[in-house]
1. Which of the residues that make up region 281-292 are without any contact (Cβ under 8 Å) to a residue 60 or more places away in the chain and open to solvent by less than 60 Å² (accessible area, probe 1.4 Å)?
2. Please work out which one of (1) closer than 19 Å to residue 167 by Cα; (2) open to solvent by 40 Å² or more (accessible area, probe 1.4 Å); (3) in contact (Cβ under 8 Å) with a residue 24 or more places away in the chain is the condition residue 33 fails and give its number.
3. Taking into account only those residues within region 192-209 that are outside any loop (DSSP other than H, G, I, E, B) and either in contact with a helix residue (DSSP H, G or I) (Cβ under 8 Å, 6 or more places away or on another chain) or within 14 Å of residue 226 (Cβ to Cβ) (or both), which is most open to solvent (accessible area, probe 1.4 Å)?
4. Out of (1) under 30 Å from residue 343 (Cβ atoms); (2) open to solvent by less than 40 Å² (accessible area, probe 1.4 Å), what's the single condition that is false for residue 73?
5. Among the numbered conditions (1) touching an Asp or Glu at 6+ places or on another chain (Cβ under 9 Å); (2) at pLDDT below 95; (3) open to solvent by less than 30 Å² (accessible area, probe 1.4 Å), tell me where residue 237 comes up short.
6. Tell me which residues, restricted to region 90-131, are of a type in the set (Gly, Ala, Ser), surrounded by 19 or more Cβ atoms within 10 Å (Cβ to Cβ) and within 26 Å of residue 9 (Cβ to Cβ).
7. Yes or no: region 212-233 includes at least one residue that is assigned to a loop (DSSP other than H, G, I, E, B), at pLDDT 95 or above and open to solvent by less than 90 Å² (accessible area, probe 1.4 Å).
8. Which one of the conditions (1) touching a Pro at 6+ places or on another chain (Cβ under 7 Å); (2) among the polar types (S, T, N, Q); (3) buried (at least 17 other Cβ atoms within 10 Å of the Cβ) does residue 57 fail to meet, given that it meets all the rest?
Amino acid sequence: MLAPTSLTELQEAIRSHPQVLAVGARTKPRLSQVDDCTLLSMRGLSGITEYQPSEYTFTALAGTPLHELEQVLTEQGQAMPFDPLLSRAGSTLGGATATGLSGPGRFRYGGIRDFLLGLTYIDGTGQPIRTGSRVVKNAAGFDLPKLMVGSLGRFGVLAELTFKVFPAFRARISLQVECTDCHQATERLIEAACSRWELLALDYDPAQKRLLLQLGGPQRALEQIAADIENRWPGDVQPIESCTADTCWETIRTLGLDLTESEQAPTRPTRASQTVVAQVALTPTVVPELEQKLGSMEGVNSHYSVGGNVATLICQQPDNIPPISKLLAELQLVGLVLQGCDAPLWLGTTQPTAIDRAIKTALDPQCRFPSYDIANLQADHVAHH
């Protein structure tokens, strides 16, 4: 693994190796498991380069740990509403952007791509490409920053990123709604998502048979909304104590991982390498069928976030991975494996589209960065020339 500490060193590292992949804290290790690829540690490119609290924007290098950004923003009464995942585990700004993963707060305000204003990335020739803007305004041209969100390092190495932020809420209230079964939970999930309550977060915890709701805003207004929710489902709604709620939401943001407390720095998650953690994009209507079939598999836990649009699956037994993949394919769902070195990267059925290949060829004609199907892309590139 190479560890550049400057933009110049990063450019030279990219030029000097046939194929490279940038990594941060490796909190999602399966994503950096690529054969015949030189890893570039971005931890040496860290720090906030520009922060204007009055403009609600900041610019930071890709290797900046998310927990450091959160501390700076908190001091100014601001926050990243999309609740970046695994920040306590050391996840970096570039890694979060490249994976495109957001936490429970995505339900109300959108995900990482909705807050990314601009970025600088290094292409396959080692040249820096600046795209987007450092301020909240329209930028002319193709929206490359949004394309980089969730790209998994296939198009270039993220070097510096600019985000907009929001004021932090003065108060938060969390509620749990008890449900008799998954069907009732799904009905209430959809009802809550379509309500006027403007929830910050809306999750479903099948193990506890409950919905988790979070509200943010002025205390008096929150109390009135909480009372309205209790009247909607009398007897099934209970408030969650503040400290318990913080632990609950942080557990969701860490994907259920047990993190050892450290006053000096976040600790990387400790979990057996054979345990598979995957995230699946879906719709709430699919939840009952998926949950019913997962229930017959021993050692598989699930959690549904962002109003039932994202499922986190944790599988303790590798033998269950093939049937899970088959199940997702039957439901026309795709899962991305974040942890579990022996598991395939994708669960379900997926293959690159023609437009995906065209974008890959245009942005990375030398195939300097990993791809879905590098051999075919290289053949297409040779045939094109």
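1. At the first step, the residues of region 281-292 found to be without any contact (Cβ under 8 Å) to a residue 60 or more places away in the chain are 281-283, 286, 289-290.
282, 286, 290 - these are the residues of region 281-292 that are without any contact (Cβ under 8 Å) to a residue 60 or more places away in the chain and open to solvent by less than 60 Å² (accessible area, probe 1.4 Å).
2. (1)
3. Restricting attention to region 192-209, the residues satisfying the condition of being outside any loop (DSSP other than H, G, I, E, B) are 192-193, 201-205.
Narrowing the set further to residues that are either in contact with a helix residue (DSSP H, G or I) (Cβ under 8 Å, 6 or more places away or on another chain) or within 14 Å of residue 226 (Cβ to Cβ) (or both) leaves 192-193, 201-204.
Details: 192: 3, 193: 45, 201: 0, 202: 0, 203: 0, 204: 9 Å².
By that ranking, first place goes to 193.
4. (1)
5. Exception for residue 237: condition (2).
6. 90, 91, 94, 95, 96, 98, 118, 124
7. Initially, region 212-233 is screened for residues assigned to a loop (DSSP other than H, G, I, E, B), giving 218, 233.
Still in the running and at pLDDT 95 or above: 233.
Restricting the remaining residues to those that are open to solvent by less than 90 Å² (accessible area, probe 1.4 Å) gives 233.
The answer is yes; a qualifying residue exists.
8. Of (1) touching a Pro at 6+ places or on another chain (Cβ under 7 Å); (2) among the polar types (S, T, N, Q); (3) buried (at least 17 other Cβ atoms within 10 Å of the Cβ), only one is false for residue 57: (1).
The values are calculated or read from the model by the stated rules, or taken from the named source; none is laboratory data. Small disclaimer: the values here were computed from a predicted structure and weren't measured. So basically every Cβ, Gly included, is an ideal-geometry build from the backbone, and we count neighbours across all protein chains shown. The protein model used for the area step is the full one, side chains on, heavy atoms only, and it has no ligands, DNA or RNA in it. Shrake-Rupley method; radii C 1.70, N 1.55, O 1.52, S 1.80 Å.
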